[in-house]
Amino acid sequence: MGELGEYRRKRDPARTPEPFGAGGRGEDGRPRFVVQRHSARRLHYDLRLERDGVLASWAVPKGFPTEPGSRRMAVHTEDHPLEYLTWEGEIPAGEYGGGTMDVYDSGPYELLEEKRNGQLTVRLDGDRLRGTWTLVPAHLDGEERNWLLVKREEGSRPTNRRRYRPMLPAPARRLPRGDWLHEAEWGGERTLARLAEGEPELWNAAGAETTDTHPTIARTLGRGLRTFDCVVDGEIVGRGGSEVYVVRDVLQLEGEELLGRALGERRAVLEELVDPRTAPIRLSESFPDGRALLEAAEEQGLAGVLARDPESPYLPGDRDDRWRLVSVRPPRDAGEAEDDERVIRAGRRTVRIRHPEQRWWPDEALTKADTIEYYRGVAPVLLPHLHARPFTIKQHYNGPRSPFRWLKDLPPEAPDWIPVTEQPAKSRGGAPVRYPLVNDEATLVWMVDYGCVDLHVWLSRADKPDRPDAVLFDLDPADVPFSDVVRAAHLLRAALDALGLDAYVRTTGGEGLHVLVPVARVHDHAEARAFAEVVAGALAATSDGLVTTERTTSGRRGVFVDTKMNGHGQQVAAAYSVRPLPGAPVATPLRWDELVEDLDPRELTMAVVRERVDRLGDLHEPVLHGRQRLKAALDRLV
């Protein structure tokens, strides 16, 4: 029988949802295989073969070899339990193999040959992988674990490396009638992209290769598409200083050309193919209401609206009136005055922006429209941190430098499509407050237009308002430099690590830091605050004056660790929130190794954070899936 000792040594069942037991054989007695797409620190695919009661496992960077004679390094890893044949899920960041695990393909396999040196030749009989591969213990770079995975001739797909030319729309003066699909035409660079065994290739409408011209798109293409073998069509659009690849069509998938299929079928394939968690790679949104989209395109200065017949095939290099492009009116002359309002399309809603060119930060030449564009750009990573949490409106009357007011109830002038949650308020004797929920991009845009420069939410969600999913430590300097706040944060992290707890850090946009401990939603706010107070007190007692818990400002010096935000109804500035301070700094998630004493949080601006999100994704995504419990940590403290 195989051994799972190494697998179990690398994992803690209290910290990862991965399976730890063993399963039985398949119904027909044939051994099984699974290939999993593992979107971890580096994207790779895991090949696992059922052998001796466990799954022998190899990690294959980027994707499988699919052409005869093609080979890829395969890193031999520890045996896995048989439950991994069907397991999919999220391994928390910081844990071994942290990232998303999806089943790419599975099924029975046949062992064709096994040599004395361990070399295996297998025939896979999956839905997506059919053919013969050989695993060779090649000891690459002198490492025993570095094998080769080689594709054999049998069962090989026909190779098609055709560099397609894009299908072109016919120009039209008006939108067609009927059930057409409508998409925004951004006026970006028309780009076709191929993944071949996981390697990216980009080319433009003229057929010239542009892979090196768009390194971010090329680097993230494999992570943004749930395959290692396809050809897609779209356009590269510049947004807020970053590039986004808006994917519109799929021409080829895993050896099969899809050109003759109806657009509706190709669209369904594409919706499964594009991973929404990868910010620079996005699926082009499709709308049934072309007129509303055209109006929004005019207001935003986009190129127009592309209308496509759902039954249309893809005709490479041809122009066909089953695709029609309705261009918007030309932009204003430079001397014309700006409109006082702008209509934008956010998701499936239309939101009217008042005074979009209002200078919110004159010294930086940043407008309200720039701020809204930033929030729309980071919405894929921001909205999960706002979703289903009671939202408190902090309305600035005239931009970030103006007076503001706090509103808990959704105001009557808000659109009726913004959802609310009723929560009892102590300040109202238990009477309910109708808190808004910022669950989608349209609501987010409306809130910013209403004057919400920064975004404030609870540490708990509306369905379990008394059960926070994080413990917050708010670190603020009192007559000490920011470098002391950095030192205190690292001391706090070391203390939490000694208690067996993962913690995540972000700037607040000001001179402080937030340290969050994600927890399972089993503790109430009182328990969370009591834990935070014990940890903060211990830190103050052992930090030689660096940390203080003194609540009176007159007697406070050092880094104040504030724990009062751990309470029912307390609101905190969310991750990626712009702050109404000079320079428009952003509350920015960081890696711990980025938290150095000469860090200047004021340099983490909207443009910087957009680039970080495109490059790093959401560093605080693990905070959304807390499974840690406080009892064991408190027992250690005692």
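For the reader, a short list of remarks on this structure follows.
- All positions within segment 415-433 that are touching a residue at least 24 places away in the same chain (Cβ under 8 Å), among the aliphatic types (A, V, I, L, M) and over 18 Å from Gln571 (Cβ atoms): none
- Residue match in segment 253-263 (condition: modelled with pLDDT of 90 or more, in contact with a Cys (Cβ under 6 Å, 6 or more places away or on another chain) and either within 30 Å of Arg42 (Cβ to Cβ) or crowded, with 17+ Cβ neighbours inside 10 Å (or both)): yes
- Options Ala575, Ala532, Ala488: the member that is of a type in the set (Gly, Ala, Ser), buried (at least 23 other Cβ atoms within 10 Å of the Cβ) and either part of a strand (DSSP E or B) or touching a Phe, Trp or Tyr at 6+ places or on another chain (Cβ under 8 Å) (or both): Ala532
- Checklist (1) in a strand (DSSP E or B); (2) in contact (Cβ under 8 Å) with a residue 60 or more places away in the chain; (3) out of contact with any Lys or Arg (no Cβ under 8 Å at 6 or more places or on another chain); (4) not polar (S, T, N, Q) applied to Met101, failing item: (3)
- Candidates in segment 52-74 are the residues that are touching a Pro at 6+ places or on another chain (Cβ under 8 Å) and under 14 Å from Leu135 (Cα atoms); of these, the one that is surrounded by the most Cβ atoms within 10 Å (Cβ to Cβ) is Arg72.
- Selection count, segment 353-381, where residues are in contact with an Asp or Glu (Cβ under 7 Å, 6 or more places away or on another chain), surrounded by fewer than 16 Cβ atoms within 10 Å (Cβ to Cβ) and either assigned to a loop (DSSP other than H, G, I, E, B) or modelled with pLDDT of 90 or more (or both): 1
- Subset of segment 414-458 (residues that are buried (at least 21 other Cβ atoms within 10 Å of the Cβ) and in contact with an Asp or Glu (Cβ under 8 Å, 6 or more places away or on another chain)): Tyr435
- Conditions (1) surrounded by 18 or more Cβ atoms within 10 Å (Cβ to Cβ); (2) out of contact with any Pro (no Cβ under 6 Å at 6 or more places or on another chain); number of the one not met by Pro276: (1)
- Residue match in segment 450-473 (condition: part of a helix (DSSP H, G or I), within 20 Å of His387 (Cβ to Cβ) and within 28 Å of the chain's Cα centre (by Cα)): yes
- The strands (runs of 3 or more DSSP E) falling completely within segment 118-197 that include 2 or more residues that are surrounded by fewer than 16 Cβ atoms within 10 Å (Cβ to Cβ) map to 168-172.
The values are calculated or read from the model by the stated rules, or taken from the named source; none is laboratory data. Quick caveat, the model's predicted, so the values are computed rather than measured. Please note: Cβ atoms are built from the backbone with ideal geometry, for glycine as well, and neighbour counts cover all protein chains shown.
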